[in-house]
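The values are calculated or read from the model by the stated rules, or taken from the named source; none is laboratory data. All of these numbers come straight from a predicted model, not from anything done at the bench. Neighbour counts run over all protein chains shown; Cβ positions are idealised from the backbone, glycine included.
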Amino acid sequence: MVWMVLIFTASADNLSAQHSSRFLEPVIRWLFPHLASATVYHLVFLARKCAHLTEFAVLALLLWRARRQPQRQDPRPWEWSQAGFALLCTALYAASDELHQLFIPHREGQWQDVVIDTTGAVLGLLVLWLLWKYRKRRGNRGVSREASRSESAP
């Protein structure tokens, strides 16, 4: 819930493109003083969209964790229904966030941002699934090594 409140707060006027560009543009110009204005504009745009991806990836991971309630060395298999629940909730929240932005000065709700936000959720859950597979594979190798050691021991 705290992360959702942070996203909702970030959707306010103070973090609109006009306001965040006042921070990002000078930093980019300081780091790369010879960049063309159009390039700076595109970098600011890219940074803002990457922020969308990241904040909704984190939201999807938090929703997945709340639903699954994992424990240390969790033996339960991966459940796509839990990931699907997190993805659905994230997509719905992204849509509601864009709807909210329709009523904020200097903001505009865009369906493209819902797609970007949902893509962030998919990427976050995909990384989580890949980590789960890696840990499972690594854990199985450790178990098989110990089993072979105990079989070969006198």
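For segment 85-99, check the following and say yes or no: at least one residue is hydroxyl-bearing (Ser, Thr, Tyr), more than 23 Å from LEU131 (Cβ to Cβ), assigned to a helix (DSSP H, G or I) and free of Cβ contacts under 8 Å to residues at least 40 places away in the same chain. Within segment 85-99 (the criterion being hydroxyl-bearing (Ser, Thr, Tyr), more than 23 Å from LEU131 (Cβ to Cβ), assigned to a helix (DSSP H, G or I) and free of Cβ contacts under 8 Å to residues at least 40 places away in the same chain), the answer is yes, since at least one residue qualifies.
Residues that are hydrophobic (A, V, I, L, M, F, W, C), outside any helix (DSSP H, G or I) and free of Cβ contacts under 8 Å to residues at least 40 places away in the same chain occur in segment 34-54; there is at least one. Can you tell me which residue within segment 116-139, out of those that are surrounded by 14 or more Cβ atoms within 10 Å (Cβ to Cβ) and among the aliphatic types (A, V, I, L, M), is nearest to the chain's Cα centre (by Cα)? Only one residue fits best here, namely ALA121. Of the residues making up segment 72-107, those that are over 19 Å from ILE7 (Cβ atoms), within 18 Å of the chain's Cα centre (by Cα) and among the small types (Gly, Ala, Ser) are ALA83, GLY84.
Annotation: of all residues in segment 100-115 being part of a helix (DSSP H, G or I) and hydrophobic (A, V, I, L, M, F, W, C), the one that is surrounded by the most Cβ atoms within 10 Å (Cβ to Cβ) is VAL114.
The numbered conditions (1) assigned to a helix (DSSP H, G or I); (2) in contact (Cβ under 8 Å) with a residue 24 or more places away in the chain; (3) under 14 Å from LEU126 (Cα atoms) are all true for TRP78 except (1). Scanning segment 1-33 for residues being in a loop (DSSP other than H, G, I, E, B) and modelled with pLDDT under 85 gives a total of 3.
Could you tell me whether VAL58 is more than 17 Å from THR119 (Cα to Cα) and in a helix (DSSP H, G or I)? Criteria not met by VAL58.
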